[in-house]
Amino acid sequence: MSDAPAKHQPLVFSGMQPTNTLHLGNYLGALKNWVKLQDQMPCIYCVVDMHAITAVAYAKPDDLRTAVREVAAAYIAAGVDPKRSILFQQSAVPAHAELAWIFNCVARLGWMDRMTQFKEKTGKHKERASVGLYTYPTLMAADILVYKATHVPVGEDQKQHLELTRDVAQKFNNDYGAEDFFPLPEAVVLGTATRVMSLRDGSKKMSKSDDSDMSRINLTDDADMVAQKIRKARTDPNPLPDDEKGLEGRPEAENLINIFAALAGTPRSDVIARFAGQQFSGFKNELADLAVAEIAPIAEKMRRLLADPAELDRILADGAEQAAALAAPILRETKRLVGFHA
Ligand code: TRP
């Protein structure tokens with residue numbers, strides 16, 4: 001991680017969509033790093049409900065409200081501490097939407113047309129996608145820059161959106177003659193961020209939308225369920241390899257070893273050295289123990305938090321108040337630079 005220019009105080013911003021219960025991939029790929037970053041600099045963690053409606057309309061408003069609480073509970077259960085970090089819901093701070101409008105007028109159509117995630121999500125049916133899905137990246141840029149955040153922990157799939165955020169910041173600064181007004185935030189891809197694949201098919205990402213629940217470990221799964229899913233995880237008939245090269249062409253074996261390494265906090269090579277030549281059954285028992293030890297307490301804490309939605313709402317409201325207070329002067333100055341009423 002390089003230092004941000006001195007002009008801007010180091011600040012982390014990240015967010016996840018409230019689109020369903022979170023799983024081991026979200027935990028090892030993101031949340032675990034968010035929790036660690038709290039020891040390094042101030043952090044703001046957002047539940048991005050405005051992004052959530054770009055793809056689906058929730059049948060009932062309560063479905064979205066419930067999903068927001070579940071994701072907030074997962075953040076806290078995983079170790080995001082609302083006393084140290086700001087934890088809030090995007091739609092509670094209107095500054096995001098206001099800045100996003102300005103950024104829609106800064107970003108160029110050519111930039112947006114290059115966004116690979118939009119193309120992947122819409123496939124051949126671009127004309128049926130919402131306009132919000134198309135401008136999703138400018139709202140994401142606003143999420144980050146309305147706090148002048150400098151560091152953004154994200155997965156591989158969001159790196160392009162972060163490059164767009166930097167382009168927007170740079171063009172705004174140039175167009176409005178305000179050098180260094182917005183920082184050019186950098187992606188934080190920590191070494192331990194792990195790409196977790198499906199337990200049924202090592203070539204697919206672990207995903208909340210997979211039809212088979214056995215393909216993923218949900219953060220709400222109890223101990224028995226976690227252990228069962230690991231023991232039933234697909235593998236090939238060969239024993240564990242002797243070295244990293246031996247993982248080539250064995251995506252299921254590689255995935256389980258990656259998960260083991262991430263949970264144990266050890267390099268992959270150590271895991272391989274330890275289990276070289278052994279059968280998967282013994283390895284899976286140990287992996288199940290590790291996963292249960294880490295996930296079951298999170299599930300338990302989530303259950304406790306979700307049993308008291310009023311308390312969760314209070315935490316989110318408190319976070320929104322702090323976030324709004326940070327965003328207000330930055331938005332005001334931005335509007336002044338543009339020539340808006342401010
Ligand atoms: N687009 C991100 C995702 O789907 C979520 C997100 C929205 C985000 N705004 C953000 C992530 C700002 C980091 C910073 O994963």
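The values are calculated or read from the model by the stated rules, or taken from the named source; none is laboratory data. Predicted model, so just to flag it, every value in this text is computed and none were measured. Here the Cβ positions follow ideal geometry from the backbone for every residue, glycine too, while neighbour counts run over all protein chains shown. Quick note on the areas: whole protein, heavy atoms, side chains included, nothing else; ligands and nucleic acids left out. Shrake-Rupley method; radii C 1.70, N 1.55, O 1.52, S 1.80 Å.
Add +1 for every Lys or Arg and -1 for every Asp or Glu among the other residues with Cβ under 14 Å from the Cβ of Ala324, and state the total. Kindly include the intermediate steps, with their values, before the conclusion.
Working: positive: Arg332; negative: Glu98, Asp143, Asp318, Glu321.
Its environment carries a net charge of -3.
Among 206-214, 29-37, what's the highest-first ranking by average C-beta atoms within 10 angstrom per residue?
On the way: 206-214: 13.8, 29-37: 20.8.
Top to bottom by mean Cβ count within 10 Å: 29-37, 206-214.
Mind ordering 322-329, 93-100 by average Cβ neighbours within 10 Å, highest first? Write down the numbers at each step before the final one.
Working: 322-329: 16.5, 93-100: 20.4.
Highest-to-lowest ranking by the protection proxy: 93-100, 322-329.
Heavy atoms only, probe 1.4 Å: what % of the accessible area of the chain goes to carbon and sulfur, would you let me know? List each step's numbers first, then the result.
On the way: 8250 of 16140 Å².
Solvent-exposed carbon and sulfur of the chain make up 51 percent of the total.
Rounded, prolate or oblate: pick one for segment 118-162, where a ≥ b ≥ c are the square roots of the eigenvalues of its C-alpha gyration tensor, a/c under 1.5 means rounded, and failing that, prolate if a/b is larger than b/c, else oblate. Could the numbers behind the result be given before it?
Values: a/c = 5.08, a/b = 1.86, b/c = 2.74.
Note, shape of segment 118-162 comes out oblate.
Counting other Cβ atoms within 10 Å, keep those with at most 10, restrict to DSSP loop, and tell me which trypsin sites (Lys or Arg not before Pro) in segment 121-186 are left. Write down the numbers at each step before the final one.
Working: sites: Lys121, Lys124, Lys126, Arg128, Lys148, Lys159, Arg166, Lys171; in loops: Lys124, Lys148.
Taking segment 121-186 and a limit of 10 other Cβ atoms within 10 Å, the loop trypsin sites (Lys or Arg not before Pro) found are Lys124.
Given the pairs Lys159/Lys208; Lys121/Lys284; Lys232/Lys301; Lys83/Lys204; Lys60/Lys126; Lys205/Lys301, which are separated by over 31 angstrom at their Cα positions? Can you show the working numbers first?
Values: Lys159/Lys208 21 Å; Lys121/Lys284 34 Å; Lys232/Lys301 26 Å; Lys83/Lys204 37 Å; Lys60/Lys126 26 Å; Lys205/Lys301 26 Å.
From Lys159/Lys208; Lys121/Lys284; Lys232/Lys301; Lys83/Lys204; Lys60/Lys126; Lys205/Lys301, over 31 Å: Lys121/Lys284; Lys83/Lys204.
With a ≥ b ≥ c taken as the square roots of the eigenvalues of the C-alpha gyration tensor of segment 1-138, please select rounded if a/c is under 1.5 and otherwise prolate if a/b is larger than b/c or oblate if it is not?
Numbers: a/c = 1.77, a/b = 1.24, b/c = 1.43.
Oblate.
Before rounding to the nearest 500, sum -39500 (n - 2.57) across all DSSP H runs of length at least 4 in the chain and divide by the residue total; then give [θ] at 222 nm in deg cm²/dmol.
Working: 14 runs with 169 residues, N = 342.
Dividing the helical sum by the residues of the chain leaves -15500 deg cm²/dmol.
Roll a 1.4 Å probe over the protein chains and send me the accessible area per residue for segment 189-342 in Å².
Working: 7940 Å² over 154 residues.
Computed with neighbouring chains in place, this is 52 Å² per residue.
Using packing as a proxy for protection, rank 112-118, 48-54 so that the peptide with the highest average count of other Cβ atoms within 10 Å comes first.
Details: 112-118: 14.4, 48-54: 20.7.
Per-residue mean Cβ counts within 10 Å order the peptides as 48-54, 112-118.
Nearest 0.05, what FRET efficiency do Asp289 and Gln170 give at R0 = 56 Å with Cβ-Cβ as r?
Working: r = 49 Å, r/R0 = 0.87.
Once the sixth-power term is evaluated, E becomes 0.70.
Of the beta bridges DSSP finds with both residues in the chain, what % are antiparallel, to the nearest 5? Walk me through the numbers before you get to the answer.
On the way: 2 of 15 bridges.
Percentage antiparallel, nearest 5: 15.
Mind checking segment 255-342 for chymotrypsin sites (Phe, Trp or Tyr not before Pro) that DSSP puts in a loop (not H, G, I, E or B) and that have at most 16 other Cβ atoms within 10 Å? Mind dumping the intermediate values first?
Details: sites: Phe260, Phe275, Phe280, Phe283, Phe340; in loops: Phe340.
Here the sparse-neighbourhood loop sites are Phe340.
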